[in-house]
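Report on the structure given below.
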Amino acid sequence: MVLLIATVVILYLTFNHGSRRIGVNVGDTAPNAEFTLPNGSVVSLASFRGHYVLLYLVSTWCPDCAYGVAVLAHYVNLFESKGVYVIVLEQYDDLGYSGPPITSFLSYYGGNASRYFIAGVASLGMTKTYNPSLQLEVYYLISPNGRILYSGANLAYTYPGLISVIKGIG
């Protein structure tokens, strides 16, 4: 009986997480925020308007985040074919814990596919806006007009819904 309940909870979280609020609501306009590239340049999320963006905020010390990057690496050809920019950002101050730099994290867990990802570090404001409850990882699929199409957390376990939405693009 306990196994049955655990299975139902896992299935519910896996298939319904994309519709739960994690920071910004699906359908809302993505708030503009800034992040810093490894070379020190500051970039605005608004500069990606006109393109699909998968925004993935991670904690570089988090094992599930590492697995999430590996999942993204597996689908890199899909992202390229659909014109989706994948922006993987270390959350501000790595949520107060020490992890590897975002470039090392992406290279190690994303392998060769990591060259297709845009790496950076989220500002404090961006982290608070997109992840107010300070979950270890959150993600958003943003349309070219800046609307949030899909959102979730625990990418390694909830990616099927995200991939389904991306496959339906255009």
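The values are calculated or read from the model by the stated rules, or taken from the named source; none is laboratory data. Bear in mind that the values here come from a model prediction, so they are computed numbers and not experimental data. Cβ sites come from the backbone with ideal geometry, for glycine too, and all protein chains shown count toward neighbours. To get the accessible areas, we keep the full protein, side chains included, count just its heavy atoms, and leave off ligands, DNA and RNA. Shrake-Rupley method; radii C 1.70, N 1.55, O 1.52, S 1.80 Å.
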* Structure fact -> Filter the stretch 130-146 for residues that are outside any strand (DSSP E or B) and in contact with a strand residue (DSSP E or B) (Cβ under 7 Å, 6 or more places away or on another chain); the one that is farthest from V53 (Cα to Cα) is Q135
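Does D64 fit the bill of being surrounded by fewer than 19 Cβ atoms within 10 Å (Cβ to Cβ), at negative phi and out of contact with any Pro (no Cβ under 6 Å at 6 or more places or on another chain)? Write out each step before concluding.
Numbers: surrounded by fewer than 19 Cβ atoms within 10 Å (Cβ to Cβ): yes; at negative phi: yes; out of contact with any Pro (no Cβ under 6 Å at 6 or more places or on another chain): yes.
In short, yes.
Can you confirm whether the stretch 85-95 contains a residue that is over 15 Å from the mean Cα position of the chain (by Cα), of a type outside the set (A, V, I, L, M, F, W, C) and open to solvent by 30 Å² or more (accessible area, probe 1.4 Å)?
We begin by selecting, within the stretch 85-95, every residue over 15 Å from the mean Cα position of the chain (by Cα); these are 93, 95.
Retained after the next criterion (residues that are of a type outside the set (A, V, I, L, M, F, W, C)): 93.
When the remaining residues are screened for being open to solvent by 30 Å² or more (accessible area, probe 1.4 Å), the result is 93.
For the stretch 85-95, residues over 15 Å from the mean Cα position of the chain (by Cα), of a type outside the set (A, V, I, L, M, F, W, C) and open to solvent by 30 Å² or more (accessible area, probe 1.4 Å): present.
Hey, any hits in the stretch 108-119 for a residue that's among the aromatic types (F, W, Y), open to solvent by 60 Å² or more (accessible area, probe 1.4 Å), closer than 21 Å to E34 by Cβ and part of a strand (DSSP E or B)? Talk me through it step by step, then tell me what you get.
Step one: of the stretch 108-119, the residues among the aromatic types (F, W, Y) are 108-109, 116-117.
From the residues that got through so far, the ones that are open to solvent by 60 Å² or more (accessible area, probe 1.4 Å) too are 108-109, 116.
Pick out the ones that are also closer than 21 Å to E34 by Cβ and you get none.
Checking the stretch 108-119: not a single residue is among the aromatic types (F, W, Y), open to solvent by 60 Å² or more (accessible area, probe 1.4 Å), closer than 21 Å to E34 by Cβ and part of a strand (DSSP E or B).
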* One residue from K128, K82 being within 28 Å of G170 (Cβ to Cβ), open to solvent by 50 Å² or more (accessible area, probe 1.4 Å) and among the charged types (D, E, K, R) -> K82
* Asked: How about the stretch 95-107: which of its residues are in contact with a Cys (Cβ under 9 Å, 6 or more places away or on another chain) and in a helix (DSSP H, G or I)?
  -> L95, F105
* Candidates N25, N39, filtered to the one that is open to solvent by 10 Å² or more (accessible area, probe 1.4 Å), farther than 23 Å from I166 by Cα and either touching a residue at least 24 places away in the same chain (Cβ under 8 Å) or assigned to a loop (DSSP other than H, G, I, E, B) (or both) -> N39
* Structure fact -> Here the residues within the stretch 106-126 that are closer than 24 Å to N77 by Cα and at pLDDT 90 or above are L106, S107, Y108, Y109, G110, G111, F117, I118, A119, G120
* Structure fact -> Just one listed residue, out of P144, P100, is under 16 Å from P38 (Cβ atoms) and surrounded by fewer than 17 Cβ atoms within 10 Å (Cβ to Cβ), and it is P100
* What are the residue pairs meeting all of these: first residue in the stretch 127-147, first residue touching a residue at least 60 places away in the same chain (Cβ under 8 Å), second residue of a type in the set (D, E, K, R), Cβ atoms under 8 Å, and 6 or more apart or on different chains? -> L136/D64; E137/D64; P144/R49; N145/R49; G146/R49; R147/D28
